[in-house]
Amino acid sequence: MFSDPEDLYGANPAYGRMGLSVHRELAAGLCDLEGAAEAILAPNGLAACALAIASALRAGDHALVADNIYGPTRRFCERRLDAMGISITRFDPRAEPRDLAVLIQDNTRALIIETPGSLTFELVDTPALVAFARERGLTTILDNTWSAGLFHKPMALGVDLSVQALTKYIIGHADGFGGAVMCRTDADARKVRACADDWGLSLAPEEAYSALRGLRTLETRLARHGQSGFALAHWLEARDEVACVLHPGLESHAEHMIWQRDFSGASGLFGFVLKPEYEPKARAFLMRLKHFAMGFSWGGYESLLIPCDPQLNRTAEPHLPDGPLLRVHVGLEAPEDLIADLTDAFSALHE
Ligand SMILES: *Cc1c(COP(=O)(O)O)cnc(C)c1O
C-alpha cells in the first residue's frame, strides 16, 4: 500500500496479481535453476504451456508440434489455437531437421517439444531442432517437467521458452498446483508477461510458497527419485514378462546417446511394456499392487503406476512393442519395498 498518490501510479505499480515478494523469490530461484533471464508464473502447468505457446503466435501463424507432448497441451494446440486462427502440424518426436524442413510453411513461427515425452519417453534431439528453428526464426518451446530443471538445461541448448509444471517435482508433495515459463531473453519475457497480464494468469501465494519451499529440497529428492528409478528400471528389464523398459538412462533406450549428451541425470518417471500375452492379466497386476497407487499426477513422495494406452493419441507411430503400456513414478519409499510389491504383482500374471 502507498501513502503518496504519485507512487500509486509510479514506475512500479504494485498489484498482487502481478506478483508479491514470494513470487519474486520463486521466480529468481527458477531462473537460477534453469539459467533463465526471467520466469513468469502461472496457476498450473497446463496454463504455463498455453501461455508460452500463445505468447509466441498470432492469428495466421503456424506451429510445429511434437506428437509426444502432454495430452492437454496437445488439445490446447488443436482446439484453442484453431479458434485463434493458428494452424499446427504434428510431427514424430524422433524427426530430424530434414523431416521438419518438409513440414515447415512460410507462416511457421514456433516449434513445440517435450523431452522425454511423459508417456512414451522418446527424447528429441534438442540442439539439432534448436539449430533448425533458429535458422528460420521460430520460437522454440520445451516442456521440461520430467527433468525438474535439474537434469536438462534447455536455455544452455538455445531453447527460448522452457516450461515446467511446478505441480510435479518442484512442489514435490502432490499437494499443490503451479506452472512457470522460463525465458531466455528479456524480450521473450516481456511478451510472455504481457500475455499473462492480459489473461489474468497468476499463481496463488500459498502455492508459490510451496514451490519455493520445494526448491530447497529439490536436488536431494531428485537424487533419490532418480536412483530408485534406475534400480526399478534395471529390475524390470530383467523380468521375463516385460517386453521393454522405456527409461532414457538405460542403454537399451533408442535415444540413450542423446540422454548421455544432453542430460545429467534421470528423475523417477519411466514406462514399461508388458508382453502382449499378459494383456488379459494387466488389470489383475495393477489391482495386486499395495505400495503403488494409481493416479495421473506424479513428482510427489509416493510411488504411482498407471496403464497409459488410453492416453496415447498419436498421428505418428510411437515405436512401441505390442502389449500394455504402464507408467511408473518412483517415489521416495525404500526401493526394496517397491520391488517386493512388484514381485507380488507379477505373480498375478501367472495365476
Ligand atoms: C502434469 C504436466 C503438465 C500440466 O501440469 P498441471 O499443473 O497438472 O496443469 C504439463 N506438462 C507435463 C509434462 C506434465 O506432466
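Each value in this text was obtained by applying a stated rule to the coordinates, not by laboratory testing. Not measured: the values here are computed from a predicted model. Neighbour counts are summed over all protein chains in view; Cβ atoms, including those assigned to glycine, are modelled from backbone coordinates with ideal geometry.
Taking every alpha-carbon pair in segment 5-46 and binning the separations at 5 Å intervals from zero gives 5, 21, 21, 22, 15, 10, 5, 2 percent. Going by neighbour counts of Cβ atoms within 10 Å, the residues GLU122, GLU302, GLU96, GLU351 line up, fewest first, as GLU351, GLU96, GLU302, GLU122.
Judged by the gyration tensor of its Cα atoms, with axes a ≥ b ≥ c, segment 221-300 is oblate; a/c meets the 1.5 cut and b/c is at least as large as a/b. Volume of the convex hull of the chain (Cα atoms only), normalised per residue: 129 Å³.
For the chain, modelled as a GNM whose springs connect Cα atoms under 10 angstrom apart, the maximal fluctuation among TRP235, TRP298, TRP259 occurs at TRP235. Rg ratio for segment 162-281: its Cα radius of gyration over 2.2 N^0.38 Å, N being its residue count, equals 1.38.
Nearest 10 degrees is fine. How inclined is helix 126-135 to the longest principal axis of the chain, computing both from alpha carbons? Approximately 30 degrees, to the nearest 10.
For a straight C-alpha distance cut-off of 27 angstrom, the lysines reachable from LYS275 (same-chain residues fewer than eight places away being disregarded) are LYS290.
Going by a ≥ b ≥ c, the root eigenvalues of the Cα gyration tensor, does segment 277-333 fall in the rounded group (a/c under 1.5), the prolate group (a/b larger than b/c) or the oblate group? Since a/c reaches 1.5 but b/c is at least a/b, the shape of segment 277-333 is classed as oblate. Listed from fewest to most Cβ neighbours within 10 Å, the set GLU336, GLU114 follows the order GLU336, GLU114.
When the chain is treated as a Gaussian network with alpha carbon springs shorter than 10 Å, the biggest mean-square fluctuation among VAL163, VAL181, VAL65 belongs to VAL65.
Taking a ≥ b ≥ c as the square roots of the Cα gyration tensor eigenvalues, with a/c under 1.5 meaning rounded and otherwise prolate when a/b beats b/c, else oblate, which class fits segment 29-80? Prolate, because a/c is 1.5 or more and a/b exceeds b/c.
Stokes-Einstein diffusion for segment 1-139, with the hydrodynamic radius set to the Kirkwood value over Cα pairs and evaluated at 20 °C in a medium of 1.002 mPa s, equals 125 µm²/s.
In the chain, helices alone account for a calculated mean residue ellipticity at 222 nm of -11000 deg cm²/dmol, with every DSSP H run of four or more residues adding -39,500 (n - 2.57). Taking a sphere under 14 Å around the Cβ of ARG98 and counting the other residues whose Cβ falls inside, with K and R at +1 and D and E at -1, yields a net charge of -3.
Put simply, segment 97-139 fits an ellipsoid with semi-axes of 20, 10, 10 Å; these come from the alpha carbon gyration tensor as the roots of five times its eigenvalues, largest first. Counting only alpha carbon atoms, the long axis of helix 205-237 and the longest principal axis of the chain meet at about 30°. Across segment 276-288, computed HN-Hα scalar couplings (Karplus, 6.51 cos²θ - 1.76 cosθ + 1.60, θ = phi - 60°) run x, 5, 8, 3, x, 9, 4, 5, 4, 4, 5, 6, 6 Hz from first to last residue, x flagging Gly and Pro.
Going from the fewest other Cβ atoms within 10 Å to the most, the residues HIS173, HIS225 appear in the order HIS173, HIS225.
Under 4 °C and 1.567 mPa s, how fast does segment 116-205 diffuse according to Stokes-Einstein, given a Kirkwood radius computed over C-alpha pairs? Answer in µm²/s, whole number. This corresponds to a translational diffusion coefficient of 91 µm²/s.
Counting only residues at least eight positions apart within a chain, or on another chain, the lysines with an alpha carbon under 23 Å from that of LYS191 are LYS153. Computed from backbone phi with θ = phi - 60° and the Karplus coefficients 6.51, -1.76 and 1.60, the 3J(HN,Hα) list for segment 142-154 is 10, 7, 10, 4, 4, 8, 6, x, 8, 9, 9, 10, x Hz; x is used for glycine and proline. Annotation: aspartates and glutamates with alpha-carbon distance below 20 angstrom to LYS168 (same-chain offsets under eight excluded): GLU25, ASP32, GLU34, GLU114, GLU122, ASP143, GLU206, GLU207, GLU219, GLU302, GLU333. Full extension of the segment from ASP4 to ALA194, taken as 0.36 nm per residue of separation minus the current Cα-Cα distance, would add 65.7 nm.
Residues in segment 247-255 carry Karplus couplings, in order, of 9, x, x, 8, 4, 6, 6, 4, 10 Hz; the curve used is 6.51 cos²θ - 1.76 cosθ + 1.60 with θ = phi - 60°, and Gly or Pro positions show x.
What translational diffusion coefficient, to the nearest whole µm²/s, does segment 70-149 have by Stokes-Einstein, given a Kirkwood radius computed over alpha-carbon pairs, a temperature of 4 °C and 1.567 mPa s viscosity? Taking Rh from Cα pairs, D becomes 97 µm²/s.
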